Amino acid sequence: MVTTTMEPNEKEQLIANNPHLKDYIERIMQKVSEPVFYSKVPREVKDEKYPNFIYPTKGVVFVHIYRTQDMDEPEYHAIEPIVDDVMKEKMAVILKLILEKVPDKKNALTDDELKEVLKELIDELTIVDERASGAESVKKGRFGKTGKKEKVRITTVQKNVIQYDVIKTLVGGGPLECFMRDPYLEDIHFVAGEKIHLIHKIFGMIKTNVLVSDKDAPAFTQALSEKMGAPVSEGRPIVDGVLPDGSRGNIIYSSAISIKGPSMTIRRFTETPISITQLIKWGTLNASIAAYLWLCLQYGRSFFLCGGTACGKTTTMNAIIPFIPAEKKIFTAEGTPELQVPHTVWQRLLTKTTGPKEGQVDLFDLLRAALRSRPDYIIPGEVRGAEGNIVFQAMQTGHACMTTFHAGSVTKVIQRFTGDPINVPKTFMDNLDFVLIQLAVERAGKVLRRVTSLDEIEGYNRAVDGIMARNAFEWKADEDEHVFKAYKNSFTLEQKIAKNAGYADTAQIYDEMDRRKHILERMVEEDIMDYYEVVQCIWGFYREGEKGLSISV
């Protein structure tokens, strides 16, 4: 196992540069022993009975996860800078000066641009003086050889804290800002007056030390809904939208509906997708399934990735998109921007559900536009209803498609697509090459995400008026292993790929699959887990074969 424990000198430097972290450690060590510092959190810590560690997020926020003997479960404590009375006075002066100076700055169209403007103004309106720690330094002094510029004297630490608090208050997530900086979070669950809960990538559901009072919750949820472009009110008590960082939010505002007061769920946006090698290492799927998908995506096959809520469908979809050759044109259509595509020619479109009705654009409209854009692959973010018919029309006209869908088995997929409201003719179902099912399953007291089956669609059988499917891969729960049941008997590999690829003997396709399986296994062995490094390996293989790989095979 690669060690992720922080080096002593790095830890000491971190504590020295962040007095709020030092103060927190001194206080918490009255309850627990000295926490371990991780630069990257290992998954193994989930198995510890009494975890006790700290890890950094972006900027000046740190996270402490620990459990003591008198606690039922581990807790998540966000360690944020504390704004003392001196800094409050300095910040008040700085905010006043910002309001005076900001009209002179260029217009900021996005939150990121506004953050840069605020940082720039704080730089201009302050001067770093390590002696300026007391209240007397609040008074503005005049600095500079030419011109008269009013500046506030602050220490480096004070500047970092004030910058964080100003951005958190004016642009960021307010009381949720500390969570928006943590790359290990999947969901944020907020209910007014209660401790916020999170879905942590390693610990699952976990309680935090952050609470928004009943009094502050209405104004906070209103402000956040405006950032999503979907203002909430008593007349519009439930809204869905996307935050500036790409996270998806659902807010329930009215106390007539949400009895405890305003509540919300934020589904975090991951900047760097999880790689296929990481999923193999975690056991979500094995190298055989990944190699099968590699061949299918190279040769433009169509499939659905199905499962229940929070089973990791989008994560897996993002992980396998790099199997599509680099020169292909990709068209994605989503309600919320979750798909991430590394290809140069990527047409990324989103639905528009706000504003006048004539200006609204739904997934149905985007998919019809896709048929006129001549993409190599059409990837709707998720099919829910009648737009599924357009997906099959696209496949019928020769476009490769892949999408996610809520269903727990290939039988349910067929039933829902051939029934109301989608109503795809049964004779069209053979345009779909296979259905991959992924579920969140409980095994030995742990919740795991697993591909549980992969079924190939052979086509419509008129004699029985049904769709014939063949189980290609199956997950054995007792052994936590995936079995390739269609070895030397795969309809998709032999009839739809090998024949079209020009194999004299269709059985040779299994040799090619084994070759790619071995490459993926070697990548896992060499610990190539970074998404973009994996992309370069796959695309290097497309360009130069095994010579294009960064590892020996």
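The values are calculated or read from the model by the stated rules, or taken from the named source; none is laboratory data. Everything numeric in this text was worked out from a predicted model, so none of it was measured. Methodologically, a virtual Cβ is constructed for each residue, glycine included, from the backbone with ideal geometry; neighbour enumeration extends over all protein chains shown. Protein only, heavy atoms only, side chains kept; ligands, DNA and RNA dropped before computing areas. Shrake-Rupley method; radii C 1.70, N 1.55, O 1.52, S 1.80 Å.
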Mind putting a number on the dipole of the range 4-97 about its Cα centre? Charges go on the C-beta only, +1 for Lys and Arg and -1 for Asp and Glu, and I need it in Debye to the nearest 20. 320 debye
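Assigning unit charges at the beta carbon (Lys, Arg +1; Asp, Glu -1) and nothing else, what dipole magnitude in debye, to the nearest 20, does the chain show about its Cα centre? List each step's numbers first, then the result.
On the way: 72 positive and 78 negative charges, 240 e Å.
Taking the Cα centre of the chain as origin, the dipole is about 1160 debye.
Report the local net charge at Lys485: Lys and Arg +1, Asp and Glu -1, summed over other residues whose C-beta lies under 13 Å from its C-beta. Please list the in-between numbers first.
Values: positive: Arg470, Lys476, Lys488; negative: Asp455, Glu456, Glu474, Glu481.
After counting each charged neighbour, the total is -1.
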Using the Cα atoms as the points, what is the convex hull volume per residue of the chain in Å³? 206 Å³
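Trypsin sites (Lys or Arg not before Pro) within the range 520-553: which are DSSP loop residues with at most 15 other Cβ atoms inside 10 Å? Don't skip to the end; give the middle numbers.
Working: sites: Arg522, Arg543, Lys547; in loops: none.
Here no trypsin sites (Lys or Arg not before Pro) fit, given the DSSP loop and packing criteria.
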Counting each DSSP H run of 4 or more residues in the chain as -39500 (n - 2.57), what helix-only mean residue ellipticity at 222 nm follows after dividing by all residues, to the nearest 500 deg cm²/dmol? -9500 deg cm²/dmol
If we sort 7-19, 97-109, 303-315 on the protection proxy, mean other Cβ atoms within 10 Å, highest first, what's the order? 303-315, 7-19, 97-109
Quick one: accessible area per residue over the chain, 1.4 Å probe, rounded to a whole number of Å²? 48 Å²
Sorted largest first, the C-alpha extents of the range 277-318 along its principal axes in whole angstrom are 29, 22, 14
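Find the relative contact order for the chain and round it to a whole percent, using C-alpha pairs within less than 8 Å whose residues are 6+ positions apart.
On the way: 964 pairs, mean separation 48.6, N = 553.
Reported as a whole number, the value is 9 percent.
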Could you please state, rounded to a whole Å, how far the C-alpha centre of the range 82-129 is from the C-alpha centre of the range 400-424? 52 Å
Counting only protein heavy atoms with a 1.4 Å probe and every protein chain in place, the carbon and sulfur fraction of the accessible surface of the chain in whole percent equals 49 percent
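Count the net charge of all other residues whose Cβ sits under 12 Å from the Cβ of Gln340, scoring Lys and Arg as +1 and Asp and Glu as -1. Show your work: numbers first, answer last.
On the way: positive: Arg348; negative: Glu271, Glu334, Glu338.
With Lys, Arg at +1 and Asp, Glu at -1, the neighbours total -2.
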Just add up the charged neighbours of Thr411: K/R +1, D/E -1, any other residue whose Cβ is under 15 Å from the Cβ of Thr411. -1
Given the pairs Lys412/Lys517; Lys49/Lys446; Lys119/Lys159; Lys96/Lys159; Lys485/Lys517, which span a C-alpha to C-alpha distance of over 18 angstrom in this model? Lys412/Lys517
Lys/Arg Cβ at +1, Asp/Glu Cβ at -1, dipole of the chain taken about the Cα centre: which of Val117, Thr404, Leu297 is farthest positive-ward? Val117
Mind giving me the nanometre distance, one decimal, between the label points for Val83 and Asp214, set 7 Å out from Cα along Cα→Cβ? 2.6 nm
